[in-house]
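S.K.: My structure is below; once you've seen it, I'll send some questions.
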Amino acid sequence: MQYVAMPTFDIRRNLATEQYLMNNDKLTLPLMLFYIEEPCVIVGRNQNTLEEVNQKYCREKEVTVTRRLSGGGAMYQDLGNLCFSFIVDADSRQFGDFKTMVAPIVDALHKMGVTGAEVTGRNDIVVDGKKFSGNAMYTRGGKTFSHGTLMLDVDTDEVTKTLNVPLDKIKSKGIKSVRSRVTNLRPYLSPEFKNITTEEFRDLLIKNVLGVNDISQIGQYEYKLTDDDEGQIAKIEEELYSNWDWVYGQSPEFTVKKRQHFTNGTIDARILVEKGKIKNITFFGDFFGTNVVSELGKVLAGCMFEKDEIEKALKDIDLNQYFQGIPRQSVIELLTV
């Protein structure tokens, strides 16, 4: 078995690398991948990104948001998390058989002191009833990859902040994430591993999965990406994982109700969003204005449902003519996520 330790901390490049290696025939299967990310949120293929992610918080904290090919729920990751992936022939594994796919990882964790680690439910690995790993699968072209997370020392406060969507009311056909009690692995590791870094954690797992006695021996199994590989991976990243249409435009149609009371009246906005863009918006409320508020709906139709784009669409509009006495920025904040 060969392995690849991805050299970047960018989730978009790492997901593109995983996809490239899955579709490339130059490597012998099974193949094992490991990658580490700077703060990011990854939503499942069938999810509504805007419904799952706190856009305002992620924008302010520069948390990367992207969408993966596989299904499942949204996940927050940072440098305290290690991702792993196994790419195998589709005929060699039954799709959805996570227990078999992740068995090498679970066995390695047992050797590192996490003796209570076990696969449970549909796709989780837990210890003491608390989740530290979520997994998902994707099959194409006769190959299957199963990838998952390993929370070594993740900032769990950020999980709540990035995935807590502060919309007043949203109705969508997107697959919803199921929140579980989570834990980090560090407290469960044997004493000699308590203070390891995420990179050292990765190398120990590789050593155990490959069955070698010393970390220095794992290099012979490593595949290093070539310049040609990197060029092909960059194209995939641009086409998908860094592409707004993939991350947001693939979201199912959904409706949002945004309502807020101001000193000079209440605004109740009902917004229909399709493929990440405003399809229709209707305003209700007891506000005053000299202009017909339905005109704003025409201005915003087709606009991306995100703050910068809505501000750009309204930059030449005197909102006081529609919502008299209500601050312009307050109206824009109400209409954005």
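The values are calculated or read from the model by the stated rules, or taken from the named source; none is laboratory data. These figures come from a predicted structure and were not determined experimentally. Note that we place each Cβ from the backbone using ideal geometry, even for glycine, and neighbour counts take in every protein chain shown. Quick note on the areas: whole protein, heavy atoms, side chains included, nothing else; ligands and nucleic acids left out. Shrake-Rupley method; radii C 1.70, N 1.55, O 1.52, S 1.80 Å.
S.K.: List, in the order given, every pair from Lys26/Lys99; Lys257/Lys279; Lys61/Lys312; Lys275/Lys307; Lys161/Lys277; Lys161/Lys275 whose Cα-Cα distance in the structure shown is over 18 Å.
M.R.: Checking Cα-Cα distances, Lys26/Lys99; Lys61/Lys312; Lys161/Lys277; Lys161/Lys275 exceed 18 Å.
S.K.: Tally up the carbon and sulfur contribution to the accessible surface of the chain as a whole percent, 1.4 Å probe, everything protein left in place. Before the final figure, lay out the partial values.
M.R.: Numbers: 7180 of 15730 Å².
Taking all protein chains in place, the chain shows 46 percent carbon and sulfur surface.
S.K.: Stretched out fully, how many nm does the piece from Lys194 to Val299 gain, at 0.36 nm a residue minus the Cα gap? The partial results should precede the final answer.
M.R.: Numbers: separation 105, 0.36 × 105 = 37.80 nm, distance 5.68 nm.
Extra length from Lys194 to Val299 when fully extended: 32.1 nm.
S.K.: Hey, what's the chain come to in accessible area per residue, 1.4 Å probe, Å²?
M.R.: Solvent-accessible surface per residue comes out at 47 Å².
S.K.: Cα to Cα, under 14 Å, and not fewer than 8 places away if on the same chain: which aspartates and glutamates meet these conditions relative to Lys235?
M.R.: Glu18, Asp227
S.K.: In square nanometres and to one decimal, what's the mean projected area of the convex hull around the Cα atoms of the chain? Mind dumping the intermediate values first?
M.R.: On the way: hull surface 74.6 nm².
Projected area, direction-averaged: 18.6 nm².
S.K.: With unit charges on the beta carbons (Lys and Arg positive, Asp and Glu negative) and the dipole taken about the Cα centre of the chain, which residue among Gln2, Gly231, Val182 sits farthest to the positive side?
M.R.: Val182
S.K.: If you average the alpha carbon positions of segment 237-284 and of segment 126-149, how far apart do those two centres end up, in angstrom?
M.R.: 31
S.K.: I've got another one for you. Under unit Cβ charges (Lys, Arg +1; Asp, Glu -1), what dipole magnitude, rounded to 20 debye, does the chain have relative to its Cα centre?
M.R.: On the way: 42 positive and 48 negative charges, 264 e Å.
Once rounded to the nearest 20, the dipole reads 1260 debye.
S.K.: I would also like to ask the following. Going by amide H atoms built from the backbone, whose H comes under 5 Å of the H on Ser251, apart from near neighbours?
M.R.: Thr49, Gly276
S.K.: For the chain, which longest stretch is free of loop sites, where a loop site is one of the trypsin sites (Lys or Arg not before Pro) that DSSP puts outside H, G, I, E and B and that has at most 15 other Cβ atoms within 10 Å?
M.R.: Numbers: sites that count: Lys26, Arg45, Arg122, Lys173, Lys176, Arg179, Arg181, Lys194, Lys224, Lys275, Lys315.
Here the longest segment lacking exposed loop sites spans 46-121.
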